[in-house]
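Taking it in order: structure first as structure tokens, then the write-up.
Just so it is clear, none of the values below were taken in a lab; they were calculated from the coordinates. Quick caveat, the model's predicted, so the values are computed rather than measured. Reconstructed Cβ throughout: ideal geometry from the backbone, glycine too, with neighbour counts over all protein chains shown.
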Amino acid sequence: MITAERHHIILDLLTRHGVVELQNLVQRTKASESTIRRDLALLEEQGLLKRIHGGATHPSSKIDEQTIQDKSFINLHDKQIIAKAAATMISDGDCVYFDAGSTVSEMIPFVTNKKIVVVTNGLMHVDALTTAKIPTYILGGKIKMNTKAIVGSVAQENLKQYRFDKCFLGINGINVKFGYTTPDPEEAALKKTAMELAEETFVLADRSKFSGIYFAKVADVEKASIITTNTDNETIKKYFEKTSLKVVTS
């Protein structure tokens, strides 16, 4: 397969899925891993993608954010593994905050038999929570059209009426130096407030989140525990020095 054909396949998969994995590209193109790495490096130089550990993603700016529909399909298997592990942190009797987000949403099937109360700003969680007959409070406020999250000053004041045993957050970017970040300052403020109101906070992050730095800071890395499928030894070492990090695999 010639270079142009490989590049077309890479960019087509990236357009459709948002993230491409190195091993999947090797299988699709029948090329060697070293060849695909060179392809990704060249496409990154052209501004057509951004390399991450184990693959590549869109070359997004610090204020870009995908829709909840797009997020739901990216690294879905990893998200389900993370969600299952996160659900084990919840005990009967807990009052829990579920942040809006695709990985947090995957937790719901794993908590249907637990006696808990949930507060959430995620409209996408409501059907699953009510179907599971989990007592749920949803925050009032402004609805973000692309992510179906409720944000803003009204939501933040509403949130302050509650206290939580555990808080579960999705995040756009994690960086040892710059902490947890997200594109939207209003959503960052809500996440930060939820963390402050909880005895424990868990950030759910697949491997792609460790490469991003976004516009609005939520908190320093040490302010939450991380549950992830990232098995890169160098990355794990850096974060173990800062906070509790639980690596889960299938």
*Rel. contact order, % - alpha carbon contacts under 8 angstrom, at least six apart, segment 105-241*: 19 percent
*For the pair Ile213 and Phe240, what calculated FRET efficiency results from E = 1/(1 + (r/R0)^6), where r is the Cβ-Cβ distance and R0 = 25 Å, to the nearest 0.05?*
0.80
_What distance in nm lies between label points placed 7 Å from Cα along the C-beta direction at Gln161 and His8?_
5.8 nm
*asked:* As a test, work out the antiparallel percent of DSSP beta bridges whose residues both lie in the chain, rounded to the nearest 5.
replied: 40 percent
_With the cut-off at 1.5 for a/c, could you classify segment 3-57 from its C-alpha gyration tensor as rounded, prolate or oblate?_
rounded
*Got a sec? Charge dipole of the chain, +1 on Cβ for Lys and Arg, -1 for Asp and Glu; which of Gln46, Thr120, Ile236 is way out at the positive end?*
Ile236
*Go through Lys133/Lys246; Lys84/Lys237; Lys84/Lys148; Lys209/Lys242; Lys192/Lys238; Lys50/Lys223 and tell me which ones have a Cα-Cα distance over 25 Å in this structure.*
Lys133/Lys246; Lys50/Lys223
*What list do you get for Arg38, Arg207 if you sort them by fewest beta carbons within 10 Å?*
Arg38, Arg207
*asked:* 7 Å from Cα along Cα→Cβ at both Lys177 and Asn233: what's the point-to-point distance in nm?
replied: 2.5 nm
*What residues qualify as long-range amide H neighbours of Ile116, i.e. H under 5 Å apart, gap of 5 or more or another chain, H built at 1.01 Å from N?*
Gly93
*For Thr130 and His77, compute 0.36 nm times the residue count separating them, minus their Cα-Cα distance, and round to one decimal in nm.*
16.7 nm
*Under a plain spin-label model, where a point goes 7 Å from the Cα along Cα-to-Cβ, how far apart in nm are Ser91 and Asn24?*
3.9 nm
*Structure-based [θ]222 nm, the chain - -39500 (n - 2.57) summed over DSSP H runs of at least 4, per residue, nearest 500*: -10500 deg cm²/dmol
